[in-house]
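Report on the structure given below.
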């Protein structure tokens, strides 16, 4: 008895794969995390738009998929989106994949989805692996005492990658403060509730943890999820000072990282911090004939804060 090979261009109900854009999630490490539907779609579409064709080709070769590929990454996303949208309007079936995980989540995919929708082309999400969600469900943060009774324990915010520059990164983290001292040089945050989720790179994780320790205190609880679904998967949970020390003791830190925490009260400024940096700068410039730069240095020393932090607050006050 012989069997005909399956027709991968058909859906389970026997209907051909519909024209449109397919946003296909791919494994973030373990190849077994690919879904049966994702495999069928990748075999059936006319073309696969890839963040990195070389990386995607490894996945396609593993599952013996021979669908043509085309590059679609952050450097050509705008132009390629127009090209792909034109093909979609003509009835093409196109899949979009990132190197790993779900396209459009800190990876290319959003522009082509918007272009397809604007052109009246159907967009189909093909769910699967996602590093942020995988880290969240195994973090232990949801439903714990770390989330206050006033918060929704299931509420979380995904921020993508933090800024690479120190000043911008600290400003972003300072904006997460749930409460601040009554007198503070720091701008009140957004009263952010729930779990905050970030992607971070191995070469910046120590600096980011140091910033969190400086802003929220050494006892701020954090979770670092590293190399999710891979052979060396690791979760580090505990006070930020302890997690940072653990990673700092290693010769190198490798792998993709997800960082999660529920912001505690900020501790950067003391109770004696000035209510207005601008007012104190003006006073020092007048009374001691200092330049603005020297006045900021003196204020930073007096209140045990960084010069860049004092400067950022001065600029915020002037912008109000």
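Please treat every number below as a calculation from the coordinates, not as lab data. Predicted model only: the values in this text are computed from it and were never measured. For neighbour counting, all protein chains shown are included, and Cβ atoms are generated from backbone atoms with ideal geometry for every residue, glycine included.
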If I take R0 = 35 Å and measure r between the Cβ atoms of residue 36 and residue 234 in this structure, what FRET efficiency does the formula 1/(1 + (r/R0)^6) give, to the nearest 0.05? 0.75
Length added when fully stretched, residue 165-residue 288, from 0.36 nm per residue minus Cα-Cα: 41.0 nm
Rounded to the nearest 0.05, what FRET efficiency is calculated for residue 57 and residue 201 with R0 set to 30 Å and r the Cβ-Cβ distance? 0.80
Could you list the residues of region 210-246 with an amide nitrogen less than 14 Å from a label point located 7 Å from the Cα of residue 308 in the Cα-to-C-beta direction? 210-212, 214-215
I need 261, 156, 161 ordered by Cβ neighbour count within 10 Å, fewest first. 161, 156, 261
Give me the extension gain from residue 90 to residue 246: residue separation times 0.36 nm, minus the current Cα-Cα distance, reported in nm with one decimal. 50.7 nm
Assuming R0 = 56 Å, what is the FRET efficiency of residue 315 and residue 18, from their Cβ-Cβ distance, to the nearest 0.05? 0.60
Which order results if 107, 64 are arranged by neighbouring Cβ count within 10 Å, fewest first? 64, 107
Fully extended, how many nm does the chain gain between residue 157 and residue 124 (0.36 nm per residue separation, minus their Cα-Cα distance)? 9.5 nm
Once label points are set 7 Å from the Cα along Cα→Cβ at both residue 114 and residue 46, what is their separation, rounded to one decimal in nm? 2.5 nm
Order of 93-105, 200-212 by packing, highest average Cβ count within 10 Å first? 93-105, 200-212
The exposure ranking of 286, 89, fewest beta-carbon neighbours within 10 Å first, is 286, 89
